[in-house]
Amino acid sequence: MSSFKNSRYGKRLRATYEEFENENSQPDRKRCRINLEPPTTISPSRRVRTLFKAVPNTRSLRVKHLKTRCSFEFGDRFVPCQENNIQISYNLGDEPRPCAPSASLDPVKDRANDLYKTVLRSELTSSPNTPRRVFAYHSSEKSLSESNSRLDDPTDKIYQLSPLQLQTWKLIAQARPRIRKVARTPYKSLDAPDISDDFHTNLLDWSPSGTLGVGLGFEIYLWRADTDEPTPLCTIPSEKDEYSALAWMQTSPIIALATYRGHLEVYDASTRQLVRRYRNAHGKKRIGTISWTSHVFSSGSGDLSINHWDFREPSAKPFKKSGGHKSEVCGVKWSTDGGVHASILASGGNDSKICIWDLRGSTRDPGLVAASNPAASSISSGGKQVTNGIPPLYEFKKHKAAVKGLAWNPHYSGILASGGGVRDRCIRIWNTTTGRMLNEVDTMSQVCNLIWSVTSHELVSTHGYANVTTPNQICVWKYPSMSRISCLNGHRARVQHVALNPNGDTIVTGSGDQSLHFWNIFPGKTSGVRGGDSVLNYGKLIR
């Protein structure tokens, strides 16, 4: 026995036992620590010797020692606290959050997403039986009593084969209106060199006979779809001047032209002859907009006034003037419904104001208008300085930027659509009979122009600068809900000009990217639809 103690193996075993007892008798703060991260300067061979220097050469003891230390220094696994409110977890509020319009609008996909959100909200938030906690347990006795009380109800959820509620199934199965698909690419594109990119110009219009008039710098061109060849109409005589606006008469091939220097010209497109010329019609100020009604056309300019001309009279002076804006007039549009609103004119200016004019000179009681609608104000002749003593019928001051886009609804009398500039970005619908705003929609981009469809209850808006969405879009809106049907992208600059063809199915857009795009958007006119001049349309015969 003594020989074994003194042997090499006995000494090693006795040294290991004594060292282990000494470690257990010492406090924890005096224990030898294991350096698991040795200095990088130590060689690999010395690193191994340094790592196991303070621990006996027994693997089981080392593992046990490490496990003991880890059990004291670390606790159990961490479980995060989850939000048990389903409405917050799925971001399902009572009202959907307003989102920016999508650049690539797909009506079918958008309607499917809306249906999915509606179903999810109905299933998770609307049901009275849905618990507010993700994991909620109920006693079996309570569930049994509830089921016994509902045995006579065949529509109860316990008899349904689907986990969805009956209200959700009705929502999914209900009929939905058919979505009309609009071609997203133009079917024809033409070059338009030198077309103006000025926001205060209108150099594109389609005549009732199907002739498209385009202003390109110093020249005016006529284009027809049957010939597909542009024909020059006239050239401006002065090199320091350019054309800024044009508009066709709706009953004959007469076209009115305006320039930056404030000159007006009236041409007969059939003979290409000059009919009238008005020098310095607006005191050498830019004329940016023209609109016709019967044989009378009105022009808006930078001299803050609107002049009314009868091209049948040889006089060089306007027969009437209207002044109600404090800044340049950039939009003028006559209501051409042929009825009681045939003499109603709408004008928009850089002062963010819309004026409604009645050339018959009728006015409204200021107290009555202010009491009915604070947003619209009726102006008396004594309250503001006006030309010829005829004040505007209404003034709408809801817009926050220049109002260029103006369009009258051809299906309902007295309904006006207006669009604001880059600081406003809104389309507003007005009832000029009562002076009230009917609707408002934020387009998230500058509204350059508006035009109504004559074959459907839809509105087209052309846009420029945008904050969120892709700029330079052409949007189609459904009236009166003002839900967006489609969004077209094709121009690389803001879409300044737009015109509708006589058939009512095609629009042409002009942009600062020196191009014209033709879009087939609306359904065409059918032979079964009576025209606006039908003798059976008694509403337009009443005065």
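Tell me which residues, restricted to the stretch 415-457, are outside any strand (DSSP E or B) and acidic (Asp, Glu).
Asp424
How many residues, within the stretch 259-277, are over 41 Å from the mean Cα position of the chain (by Cα) and in a strand (DSSP E or B)?
Qualifying residue count for the region: 5.
Looking at the stretch 308-336 only, could you name the residues that are crowded, with 23+ Cβ neighbours inside 10 Å and of a type in the set (S, T, N, Q)?
Ser322, Ser335
Within the stretch 266-278, is even one residue free of Cβ contacts under 8 Å to residues at least 12 places away in the same chain and in the same structural domain as Asn350 (by TED's automatic domain parsing)?
Within the stretch 266-278, one or more residues are free of Cβ contacts under 8 Å to residues at least 12 places away in the same chain and in the same structural domain as Asn350 (by TED's automatic domain parsing).
Go through (1) touching a strand residue (DSSP E or B) at 6+ places or on another chain (Cβ under 9 Å); (2) free of Cβ contacts under 8 Å to residues at least 12 places away in the same chain; (3) among the β-branched types (Val, Ile, Thr) for Ile287 and report which single condition fails.
(2)
Give all pairs with beta carbons closer than 6 Å in which a residue from the stretch 501-530 that is assigned by TED's automatic domain parsing to the domain that holds Ile474 and assigned to a strand (DSSP E or B) meets a residue that is at pLDDT below 90 and among the hydrophobic types (A, V, I, L, M, F, W, C); count only pairs at least 6 apart in sequence or on separate chains.
So the pair list comes out as Asn520/Ala183.
Take the conditions at pLDDT 90 or above, in the same structural domain as Leu416 (by TED's automatic domain parsing) and crowded, with 22+ Cβ neighbours inside 10 Å and apply them to Asn449. Does it pass?
Answer is yes for this residue.
Give just the number: which of (1) acidic (Asp, Glu); (2) within 37 Å of the chain's Cα centre (by Cα); (3) over 30 Å from Tyr412 (Cα atoms) does Glu313 not satisfy?
(2) is the only condition that Glu313 fails.
Could you please find all residues in the stretch 203-227 being in a strand (DSSP E or B), more than 17 Å from Glu242 (Cβ to Cβ) and of a type outside the set (D, E, K, R)?
Answer for the stretch 203-227, where residues must be in a strand (DSSP E or B), more than 17 Å from Glu242 (Cβ to Cβ) and of a type outside the set (D, E, K, R): Trp206, Thr211, Leu212, Leu222, Trp223.
Yes/no per residue for (1) buried (at least 24 other Cβ atoms within 10 Å of the Cβ); (2) of a type in the set (Phe, Trp, Tyr); (3) within 19 Å of the chain's Cα centre (by Cα):
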{"residue": "Tyr412", "(1), (2), (3)": "no, yes, no"}
{"residue": "His463", "(1), (2), (3)": "yes, no, yes"}
{"residue": "Ile474", "(1), (2), (3)": "yes, no, yes"}
{"residue": "Ser486", "(1), (2), (3)": "no, no, yes"}
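Could you check the stretch 432-446 and list, in sequence order, the residues that are surrounded by fewer than 18 Cβ atoms within 10 Å (Cβ to Cβ) and not aliphatic (A, V, I, L, M)?
Within the stretch 432-446, Thr433, Thr434, Arg436, Asn439, Glu440, Asp442 qualify.
Looking at the stretch 466-494 only, could you name the residues that are in a loop (DSSP other than H, G, I, E, B) and of a type in the set (A, V, I, L, M)?
Val468, Met482, Ala493
Can you work out which of the residues in the stretch 494-505 that are more than 17 Å from the chain's Cα centre (by Cα) and among the aliphatic types (A, V, I, L, M) is nearest to Glu458 (Cα to Cα)?
Leu500
The values are calculated or read from the model by the stated rules, or taken from the named source; none is laboratory data. The model shown is predicted, which means the values in this text are computed figures rather than measured ones. Cβ: placed from backbone, ideal geometry, glycine included. Neighbour counts: every protein chain shown.
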